[in-house]
1. Among the numbered criteria (1) touching a Leu at 6+ places or on another chain (Cβ under 7 Å); (2) crowded, with 22+ Cβ neighbours inside 10 Å; (3) polar (S, T, N, Q), which one does residue 13 miss?
2. What number of residues in the stretch 86-116 are surrounded by 20 or more Cβ atoms within 10 Å (Cβ to Cβ) and among the polar types (S, T, N, Q)?
3. Just one of (1) within 27 Å of residue 123 (Cα to Cα); (2) touching a Pro at 6+ places or on another chain (Cβ under 9 Å) trips up residue 90, so point out which.
Amino acid sequence: MAPHPGPLLVDTNMILECHRVAAWRTLSQRYQTHTVEKCIEETQTGFQNRRPEQQIDVRALRASFSAIHAVSELEIADAILREPLIVNLDDGEKDLWSHALTRNDAWILCGPDKASLRVRVRLGLRDRLVCLEILLREKASPEVIKSSGILCEICFGIQFCYDFALDFSEIRRKTPFFGYGGPGRTRTCNQTVMSGRL
């Protein structure tokens, strides 16, 4: 399957996780990766307290992106007016969504945060949701895919949104998807859905 031809918007969590499992080079070479300045800034926050594999060279990181976008206060205000839940997002996610909502091309967004997933449901943009496992499946080694602890959370998030998109009130009562499973249970998206554990 050919990679998605349009922009892939990624948040801070995805950048950090891809670097942790040595998958960022694969992702950035295969897709047109885009982000916002705030997400780049957040990759450097707490730099001195991170493990070596999570210490990211900011110059190399910037060079690996197809584009890094500045976001204006007006764009953020417009995004919040369109969907008030955006105000509750972390700064990087808020800026990324504010930028995404100005685009009219075939962008997709990869990010695991629960609040961000809710925003997508509310905006009717579920088709823009993409799982990291799917992005890496054809090029990354099985070891890299399996080692990414965030994958299970993303895949649960996809199912979480799809299951309750038609009745958003259920989301407020549903146990957060980060609570599913237990320590050491790493399951791929297909394994999880096919097993009926959701």
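Read-outs throughout are calculated quantities, based only on the coordinates presented, and are distinct from any laboratory measurement. Because the structure is predicted, anything quoted here is derived from the model rather than measured. Every residue, glycine among them, receives a Cβ derived from its backbone with ideal geometry; neighbour counts consider all protein chains shown.
1. (1)
2. Result for the stretch 86-116: 2.
3. Condition not satisfied by residue 90: (2).
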